[in-house]
Amino acid sequence: MNYPGTERWKLVVDGTLCDGHGICVLHCPDLVTLDEWGYAGVEKDTIETAALMRRARRAVAACPEKALALRPVEMLRAAERVRAEPRESARLK
């Protein structure tokens, strides 16, 4: 469920930047989990409430490695479609 006047958002983690500080879980335990080594992962597909969005924003702001980001769901879907399309060079062969 979206709150009025917004698009759907997702919290994403760049695993190459995460150093396992765990601060994100303190700010947003509803979305972020830590694996056995302390690295962050995101559980839910979309942010469904204004309160959850506030906590996600706090987690993004608190990450010392800037490994978290908020992305519009439609942008992520568009990127997946582009990756799935065959490249022009592959079609020329």
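Read-outs throughout are calculated quantities, based only on the coordinates presented, and are distinct from any laboratory measurement. It should be emphasised that the depicted structure is a prediction, and the values quoted were computed from it without experimental measurement. Please note: Cβ atoms are built from the backbone with ideal geometry, for glycine as well, and neighbour counts cover all protein chains shown.
Points to keep in mind about this one:
- Spacing of the two label points (7 Å from each Cα toward its C-beta) at D45 and R58, in nm: 2.7
- Stokes-Einstein D in µm²/s, Kirkwood radius over Cα pairs - segment 1-60 at 25 °C with 0.890 mPa s viscosity: 207
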